[in-house]
1. Would you confirm whether any residue within the range 56-74 is in a loop (DSSP other than H, G, I, E, B), modelled with pLDDT under 95, surrounded by fewer than 11 Cβ atoms within 10 Å (Cβ to Cβ) and on the phi < 0 side of the Ramachandran plot?
2. Would you confirm, using the coordinates I've provided, whether residue 35 is at pLDDT 95 or above, under 18 Å from residue 51 (Cβ atoms) and aliphatic (A, V, I, L, M)?
3. Identify, please: which residue in the range 9-32 is at pLDDT below 70 and surrounded by fewer than 17 Cβ atoms within 10 Å (Cβ to Cβ) and is, among those, farthest from residue 58 (Cα to Cα)?
Amino acid sequence: MSRADKHATPVKAIAAAMEDVESSVLARIGYDSSLRILQVEFRSGRVYQYFDVPSDVHEELRSAESIGGYFNREIRDKYRTAEVGPAMNSE
C-alpha cells in the first residue's frame, strides 16, 4: 500500500500563513515546517493537508512555473492526505 492510500486525521490549525498562488487549480498554500504539513486550498474551496512533505518540495511548489502541474506530478497521490474542509474566509 502506498503512502497515498493511507488517510490521516487532519490537523485543524497549522502554524503557517496561507499564501495566494497563481494557478488555475490551487488558490492558496501553506506549510508548517515543524510538522511537515503542506496545506492546499483548491479553487473549488476544498482544503487538504498533505503529511510528511519535505520543505524542499514545498519550496519547489512555490517556485514552479506551473504550480498545478508540479502539484499533480510531485504531491498529489504521493503523500498521506486528509481533507480539512471548506476554506474559511481569511482575515
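1. no
2. So residue 35 fails the test.
3. 12
The values are calculated or read from the model by the stated rules, or taken from the named source; none is laboratory data. This structure is a prediction, so every number in the text was calculated from the model and none was measured. Reconstructed Cβ throughout: ideal geometry from the backbone, glycine too, with neighbour counts over all protein chains shown.
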